[in-house]
Structures are given as structure tokens and as C-alpha cells.
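The next block holds one structure in the form of C-alpha cells; read it before the comments.
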Amino acid sequence: MRALIAVALSAFVALPVSAQAKPSLRDVAEIEDPLFAVAMAKEVSDHCDRLAPRYFKGLGELRRLKARANALGYTDTEIRAYIDSDAEKARMRAKGERLLAQNGVFYEQPETFCAYGRAEIEKNSAIGVLLRAK
């Protein structure tokens, strides 16, 4: 029995990374958290006409995340499926709406987006570094 378990474990370890079960990208904090920051910076800039996204910085971050996900063994198809998933988009939106509400940001009050964005810029947070004042 021990020999059988040893053989099974060694066979699993020998599988290529792509054949081993990987967590959903939503569960990989080093991908999820920066991706969320990019999405939040875009949302803030969309609702505050006094702030703009730092497009090149955001694009650079997205490219870095894709490269990192590839290095972790995720294929371009898996990455695209995660990004295009309606369920993931809805989950990310709900997560963003919670964060905004916790910080006193309301869609019917655009000035609250501006105040939040300026505070994030001041803190030099992951969201703030992706925004700039116009």
C-alpha cells in the first residue's frame, strides 16, 4: 500500500504544471489584488471628471500580471476566460461597490469619487498610483 501511495504521489509531482489543478485566478492574490486596483482606478476616473487614469501605467500593470499568470502556469486561454467571465466581472463589481460604500463613495454623488480618488493618490495606494489629477 505504501508503495502504491508513493508511486501515485511521485506521478502527481511529475505532472507538468498545466496538468496539475491550479486555483482560480481569483484566488491568486498576486494577480487578483493588482487587477482589482486597475479596475477601481478606472471606475473612479470614469465617475470623477477631475481625475484621469494613468493609462500607460495601467497597461504596464496588466501586461505584468499576464506575464506573471503565465509564469505561474496559466495559459492565455485560462487568463482570457477569467477576464471575460461574466461571473467574475459581477464578483469584481460587487467587491468594488463594497469598497466604495465602505469609503463613503456614492454613484449619485460624483464628488465622492473625486474625494476618494484624491485620498488614494495621497496615500500612494495601489489604486492611487494608477490615477492622476487633471
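The values are calculated or read from the model by the stated rules, or taken from the named source; none is laboratory data. Everything numeric here is computed off the predicted structure, so don't read it as measured data. Glycine gets a Cβ as well: all are built from the backbone with ideal geometry, and neighbour counts include every protein chain shown. When the accessible area is computed, the model is the full protein with side chains, heavy atoms only, and any ligands, DNA or RNA have been set aside. Shrake-Rupley method; radii C 1.70, N 1.55, O 1.52, S 1.80 Å.
Considering only the range 72-83, state which residues are free of Cβ contacts under 8 Å to residues at least 24 places away in the same chain and farther than 13 Å from Leu35 by Cβ. Those that are free of Cβ contacts under 8 Å to residues at least 24 places away in the same chain and farther than 13 Å from Leu35 by Cβ: Asp76, Thr77, Arg80, Ala81. Taking first residues from the range 111-122 that are aromatic (Phe, Trp, Tyr) and partners that are crowded, with 17+ Cβ neighbours inside 10 Å and not in a helix (DSSP H, G or I), the Cβ contacts under 8 Å between residues at least 6 apart in sequence or on separate chains come to Phe113/Cys48; Phe113/Leu51; Phe113/Val105; Tyr116/Val105. Within the range 98-113, the residues that satisfy the criterion of being open to solvent by less than 90 Å² (accessible area, probe 1.4 Å), farther than 12 Å from Ser45 by Cα and either touching a Cys at 6+ places or on another chain (Cβ under 6 Å) or assigned to a helix (DSSP H, G or I) (or both) are Leu99, Leu100, Ala101. Of the residues examined, Ile121 is not one that is at pLDDT below 95 and in a helix (DSSP H, G or I).
When the residues of the range 42-65 are narrowed to those that are assigned to a helix (DSSP H, G or I) and touching a strand residue (DSSP E or B) at 6+ places or on another chain (Cβ under 8 Å), which ends up surrounded by the fewest Cβ atoms within 10 Å (Cβ to Cβ)? Top of the filtered list is Lys42.
Only one of the listed residues (Tyr116, Tyr74) is over 16 Å from the mean Cα position of the chain (by Cα) and surrounded by 17 or more Cβ atoms within 10 Å (Cβ to Cβ). That residue is Tyr116.
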